[in-house]
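**Q** Following this message is one structure expressed as structure tokens.
The values are calculated or read from the model by the stated rules, or taken from the named source; none is laboratory data. Bear in mind the structure is a predicted one, so any value in this text is a computation, not a measurement. Note that each Cβ is placed from the backbone with ideal geometry, even for glycine, and that neighbours are counted across all protein chains shown.
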Amino acid sequence: MSNRVVITGMGIWSCLGQDLQTVKDSLYNGKSGIGLQPDRLEYGYRSGLTGIVPEPVITQQMLDRHTRAGMSEEAKYAYMASRQAFDMAHVDDAYLRQNEVGCIFGNDSSAKPVIEASKIMDEKHDSAMLGYGIIFQSMNSTVNMNLSTIFHLRGVNFTVSAACASGSHSIGLGYMLIKQGLQDMVLCGGAQETNYYSMASFDALGAFSVRMDEPKKASRPFDRDRDGLIPSGGAAALVLESYDHAVARGADILAEVIGYGFSSNGGGISEPSDEGSVIAMTRAIKDADVSLDDIDYINAHATSTKQGDMYEAIALGRMFQGKRALISSTKSMTGHECWMAGASELVYSIIMMQHNFVAPNINLENPDEHAEMLNLTPKTVDTEVNTVLSNSFGFGGTNSALVIRKL
């Protein structure tokens, strides 16, 4: 069995906005969501730059106190994005209770509750002081366990922990399960906590930009003057289902997932690889049964780090130099949304499809020697977008690529 797989709903909670219209306006206008948080500097960070993501206010009318007690920060983001996605897909509580719907989310940390629990234990020496909810907040599966409980999801249920490719792999796996006829519908996405506890270890590696005098110009993918990434986060959610299932229930189809590719670099734990990137992209394009000339837009992984951007530029040059595909990294506006990035960037790409534009790679003033031959878009381009390739790469050499098209 080989089902077609479509997207019928999506939701977003990011530094570009907490609804699709606001995010669309931010993308089209090249509006950065990056700012400076002095608390990070006080805590001991080299850089206080981050994507500014408001924590959701979840009231008693939305969820009871007992449920909220078990929700981590990233689970709250994911809940808000998933509400939007189910609403757009016209999937209500009655449907969820009567049908089997799965849940695969990307998440690779839950730092804040772990650190807070450790502080309580160090001070009180009494595990009873930890309370009820902290165990459910602190596990990597915090997003899935909360969403599956809240929405009564009874299908496949697991978390993908694959560094910065987590959100992309979650969509790829949901796509494969539906394609094989094992599920009719799966809620997929990615979530990333934004508290300063979660990113201190990245700061310790010197991975972050210190261009703190101009926060909105600090994220500079592919630019020769880039000095590091900016951490960000939130959540993105997408409802995937089989084409026949979507048509049978009268759902509106936003896009079709037609290809998923993956690879592992097999090298150093923090070393990117142009070869690994090429393998993942090639697999996705082969799975999609499209040619390189069919790709209208590439949402690059490029995070604004020296090595990462360089190797991706080399990989893109090997495959797409001389081709017509436009390329940009939306991380120039969002910063690096880490575990959610693969999912949020698919949402951003679908928004571009719907509104016929390619979002800019802002702050691209001087492309480096590897990027200068690429078809990069420093400004918004009004154009029809029918087929998109979205890249996500992560620590440990994990690579994911997705291909989607407009129906």
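**Q** Does Met71 satisfy the condition of being among the hydrophobic types (A, V, I, L, M, F, W, C) and more than 28 Å from Leu16 (Cβ to Cβ)? Before you say what the answer is, go through the steps one by one.
**A** Values: among the hydrophobic types (A, V, I, L, M, F, W, C): yes; more than 28 Å from Leu16 (Cβ to Cβ): no.
In short, no.
**Q** For the condition among the acidic types (Asp, Glu) and either at positive phi or modelled with pLDDT of 95 or more (or both), what is the one hit in Glu116, Glu193, Glu123? Spell out how you get there, then give the answer.
**A** Numbers: Glu116 fails: either at positive phi or modelled with pLDDT of 95 or more (or both); Glu123 fails: either at positive phi or modelled with pLDDT of 95 or more (or both).
After applying the criteria, what remains is Glu193.
**Q** Taking the criterion of being aliphatic (A, V, I, L, M) and assigned to a loop (DSSP other than H, G, I, E, B), would at least one residue in segment 27-38 satisfy it? Spell out how you get there, then give the answer.
**A** Residues of segment 27-38 aliphatic (A, V, I, L, M): 27, 34, 36.
Narrowing the set further to residues that are assigned to a loop (DSSP other than H, G, I, E, B) leaves none.
No.
**Q** If you check every pair at least six apart or on different chains, which have Cβ atoms under 8 Å apart with a residue in segment 39-59 that is closer than 23 Å to Met71 by Cβ and modelled with pLDDT under 95 first and a residue that is among the basic types (Lys, Arg) and outside any loop (DSSP other than H, G, I, E, B) second?
**A** Glu55/Lys76
**Q** Limited to segment 196-227, what total is found for residues that are polar (S, T, N, Q) and modelled with pLDDT of 95 or more?
**A** Of all residues in segment 196-227, those polar (S, T, N, Q) come to 198, 201, 209, 219.
Add one more test, that the residue is modelled with pLDDT of 95 or more, and what stays is 209, 219.
The qualifying residues number 2.
**Q** If Val23 satisfies all but one of (1) of a type outside the set (Phe, Trp, Tyr); (2) surrounded by fewer than 24 Cβ atoms within 10 Å (Cβ to Cβ); (3) not in a loop (DSSP other than H, G, I, E, B), what's the number of the condition it fails?
**A** In the conditions (1) of a type outside the set (Phe, Trp, Tyr); (2) surrounded by fewer than 24 Cβ atoms within 10 Å (Cβ to Cβ); (3) not in a loop (DSSP other than H, G, I, E, B), Val23 misses (2) alone.
**Q** Looking only at helices (runs of 4 or more DSSP H) that fall completely inside segment 50-158, which ones have 3 or more residues that are buried (at least 16 other Cβ atoms within 10 Å of the Cβ) and in contact with a strand residue (DSSP E or B) (Cβ under 8 Å, 6 or more places away or on another chain)? Full working, then the answer.
**A** Numbers: elements: 65-69, 73-88, 93-98, 111-124, 134-138, 142-150.
In segment 50-158, 73-88, 142-150 are the helices (runs of 4 or more DSSP H) which contain 3 or more residues that are buried (at least 16 other Cβ atoms within 10 Å of the Cβ) and in contact with a strand residue (DSSP E or B) (Cβ under 8 Å, 6 or more places away or on another chain).
**Q** Mind counting the residues in segment 382-407 that are farther than 24 Å from Tyr28 by Cα, crowded, with 21+ Cβ neighbours inside 10 Å and not β-branched (Val, Ile, Thr)? Full working, then the answer.
**A** Filtering segment 382-407 down to residues farther than 24 Å from Tyr28 by Cα leaves 393-400.
With crowded, with 21+ Cβ neighbours inside 10 Å added as a condition, the list becomes 393-394, 398-400.
Retained after the next criterion (residues that are not β-branched (Val, Ile, Thr)): 393-394, 399-400.
Adding up the residues that qualify gives 4.
**Q** Determine the pairs where a residue that is over 12 Å from Gly317 (Cβ atoms), located within segment 364-378, has a partner that is in a strand (DSSP E or B) and of a type in the set (D, E, K, R) with Cβ atoms under 8 Å apart, the partner being 6 or more residues away or on another chain.
**A** Leu364/Asp223; Glu365/Asp223; Asn366/Asp223
**Q** All but one of (1) out of contact with any Leu (no Cβ under 9 Å at 6 or more places or on another chain); (2) assigned to a helix (DSSP H, G or I); (3) crowded, with 24+ Cβ neighbours inside 10 Å; (4) modelled with pLDDT of 95 or more hold for Ile171; state the number of the condition that does not hold.
**A** Exception for Ile171: condition (1).
**Q** Counting only residues that are assigned to a helix (DSSP H, G or I) and buried (at least 24 other Cβ atoms within 10 Å of the Cβ), how many does segment 176-223 have? Steps first, answer last, please.
**A** Let us first name the residues in segment 176-223 that are assigned to a helix (DSSP H, G or I), namely 176-179, 196-204, 215-217.
Right, trim to buried (at least 24 other Cβ atoms within 10 Å of the Cβ) and you get 178, 199.
Qualifying residue count for the region: 2.
**Q** For Val239, which of the numbered conditions (1) modelled with pLDDT of 95 or more; (2) within 30 Å of Arg46 (Cβ to Cβ) fails to hold?
**A** (2)
**Q** Mind listing whichever residues of segment 255-274 are crowded, with 20+ Cβ neighbours inside 10 Å and among the hydroxyl-bearing types (Ser, Thr, Tyr)?
**A** Tyr260, Ser263, Ser273
**Q** With the condition kept exactly as written, say whether any residue in segment 123-131 is touching a Cys at 6+ places or on another chain (Cβ under 7 Å) and either of a type outside the set (Ser, Thr, Tyr) or in contact (Cβ under 8 Å) with a residue 24 or more places away in the chain (or both).
**A** From segment 123-131, those touching a Cys at 6+ places or on another chain (Cβ under 7 Å) are none; that's our starting set.
So far as segment 123-131 goes, no, none of its residues is touching a Cys at 6+ places or on another chain (Cβ under 7 Å) and either of a type outside the set (Ser, Thr, Tyr) or in contact (Cβ under 8 Å) with a residue 24 or more places away in the chain (or both).
Residue-wise test of (1) of a type outside the set (Ser, Thr, Tyr); (2) on the phi < 0 side of the Ramachandran plot; (3) touching a His at 6+ places or on another chain (Cβ under 9 Å).
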site	(1), (2), (3)
Ser277	no, yes, yes
Thr282	no, yes, no
Asp289	yes, no, no
Asp296	yes, yes, no
Lys306	yes, yes, no
Arg324	yes, yes, no
Met333	yes, yes, no
Trp339	yes, yes, no
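**Q** Kindly indicate whether Ser47 is among the small types (Gly, Ala, Ser) and touching a strand residue (DSSP E or B) at 6+ places or on another chain (Cβ under 6 Å).
**A** Working: among the small types (Gly, Ala, Ser): yes; touching a strand residue (DSSP E or B) at 6+ places or on another chain (Cβ under 6 Å): yes.
When the stated conditions are applied, Ser47 passes them.
**Q** Of the residues in segment 46-68, how many are closer than 13 Å to Ile150 by Cβ, hydrophobic (A, V, I, L, M, F, W, C) and in contact with a helix residue (DSSP H, G or I) (Cβ under 7 Å, 6 or more places away or on another chain)?
**A** 2
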